[in-house]
1. Considering only region 68-90, state which residues are surrounded by fewer than 16 Cβ atoms within 10 Å (Cβ to Cβ) and free of Cβ contacts under 8 Å to residues at least 12 places away in the same chain.
2. Take Val127 and tell me if it is among the β-branched types (Val, Ile, Thr), buried (at least 17 other Cβ atoms within 10 Å of the Cβ) and within 16 Å of ligand 1 (Cβ to nearest atom).
3. Using the structure shown, decide if Ala100 is over 30 Å from Glu187 (Cα atoms) and free of Cβ contacts under 8 Å to residues at least 40 places away in the same chain.
4. Give just the number: which of (1) within 12 Å of ligand 1 (Cβ to nearest atom); (2) of a type outside the set (A, V, I, L, M, F, W, C); (3) buried (at least 18 other Cβ atoms within 10 Å of the Cβ); (4) more than 23 Å from Arg16 (Cβ to Cβ) does Pro154 not satisfy?
5. If you check Glu26 against the conditions, is it in contact (Cβ under 8 Å) with a residue 60 or more places away in the chain, closer than 25 Å to Ala186 by Cβ and not hydroxyl-bearing (Ser, Thr, Tyr)?
6. Out of all the residues in region 176-186, is one or more within 16 Å of ligand 1 (Cβ to nearest atom), touching a Pro at 6+ places or on another chain (Cβ under 6 Å) and free of Cβ contacts under 8 Å to residues at least 60 places away in the same chain?
7. Starting from residues that are more than 14 Å from ligand 2 (Cβ to nearest atom) and charged (D, E, K, R), keep the ones in region 162-194 and report whichever is surrounded by the most Cβ atoms within 10 Å (Cβ to Cβ).
Amino acid sequence: MSDYQQRVTDSFNERRRLFRLRRKKENLRFWEEFGIIPRWLMVLVGVLYVIALVVAITVNLAAGRNPNGNDMFPPDLRYSPALASLALAGIVTGASLSLAIIIFLVAYVNRDASRRGMSSALWTILVIILLPAWGFIGFVIYLLMREPLPYPCPQCGNTVGARFNFCPNCKCNLHPSCPQCKREIAETDKFCPYCGNELKSATSAVEVSA
Ligand SMILES: [Zn+2]
Ligand SMILES: [Zn+2]
């Protein structure tokens, strides 16, 4: 039982450390993030929107010309086809927009998970399954749970994973700790933020090689 609790605590601490690392190393910009959604999907969604618009308006106008039925939408605008088409276009645009947001979110999760070395198929399915009943909860869970992006080693620039403790290329310590109080510090710190110990030797070594 205590062994199990120890493991839960360890994994919780590991996750908290990764969360801190993500906040420290990633300052993602919204529009740059949008760029990982594949171009072809955006074009496809745009084309489908135009097709939906043309089909809806054509069918609606054809229904209005039919002398037997007055089933043109909306019924109040039966006698002005231009206004009726405009109203229909508004509705189609609204529906397409919410559908497009869902498609782009799922595509984002799919691409983002694979670039972070997570199981992209699993996360995509989870977000889609939670959509009908829970809305964007799946997406929020994904944002909280996702692994930090791989980042360049501060010493040699080689790409290192978020869970690495040492760079596999140059053996640089990726989570340096203060020699005095043993707490984790950033590579760029000149003094330990916890005990004030001077860390000059460590930082100058990084600067020389950079
Ligand atoms: Zn390195
Ligand atoms: Zn310290």
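What follows draws every value from the coordinates through simple rules; no lab data is involved. Nothing here was measured: the structure is a model prediction, and the numbers come from that model. Here the Cβ positions follow ideal geometry from the backbone for every residue, glycine too, while neighbour counts run over all protein chains shown.
1. Asn68, Gly69, Asn70, Asp71, Pro75, Asp76, Tyr79, Ser80, Ala82, Leu83, Leu86, Gly90
2. No; evaluated as a whole, the condition is false for this residue.
3. Against the criterion (over 30 Å from Glu187 (Cα atoms) and free of Cβ contacts under 8 Å to residues at least 40 places away in the same chain), Ala100 does not qualify.
4. That leaves (4) as the condition not met.
5. yes
6. no
7. Glu187
Listed here are the residues, each with its yes/no results for (1) aliphatic (A, V, I, L, M); (2) within 16 Å of ligand 2 (Cβ to nearest atom); (3) touching a Cys at 6+ places or on another chain (Cβ under 7 Å).
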residue	(1), (2), (3)
Ile137	yes, no, no
Leu143	yes, no, no
Pro148	no, no, no
Cys153	no, no, yes
